[in-house]
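Single-structure report; data block below.
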Amino acid sequence: QVQLVESGGGLVQPGGSLRLSCAASGNIFSIFAMGWYRQAPGKQRELVARITSGGTTNYADSVKGRFTISRDNAKNTVYLQMNSLKPEDTAVYYCNADVRTVVPATRDWYWGQGTQVTVSS
């Protein structure tokens, strides 16, 4: 099995910053793309940012210029640096990863359990 564990969420004032981390572990042969999604109450889950194994990134328009996704391939970890946070960024943030496992040799997407980010004064 593959486990993704997020950390770094919390309560922050508007204009503040948070850094989320997501570490993948388990039956991993290789990890392709990794990403962050979020889901606010009453809304659908949406892509926030994604990064390929080669470092190519893409962002939702709503976070461009404020959020930065990065990854440490040696640690199987993806990060999301969130600056200039707004109340509308409040959501549960989930990481996911496109993983090829060792045994069986299959490829699938895996999700973390989510971490709450609340932006409020």
Mean separation of Cα contacts under 8 Å (at least 6 apart) over the residue count of the stretch 55-121, i.e. the relative contact order in percent, is 26 percent
Expressed per residue, the solvent accessible area of the chain in Å² (1.4 Å probe) is about 52 Å²
For the chain, the percent of accessible surface on carbon and sulfur atoms (probe 1.4 angstrom, ligands and nucleic acids excluded) is 49 percent
In whole percent, the Cα-Cα distances of the chain spread across 5 Å bins from 0 upward as 2, 12, 23, 24, 18, 11, 6, 3, 1, 0
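The values are calculated or read from the model by the stated rules, or taken from the named source; none is laboratory data. From a predicted model like this one, the values you see are computed outputs, not experimental measurements. The protein model used for the area step is the full one, side chains on, heavy atoms only, and it has no ligands, DNA or RNA in it. Shrake-Rupley method; radii C 1.70, N 1.55, O 1.52, S 1.80 Å.
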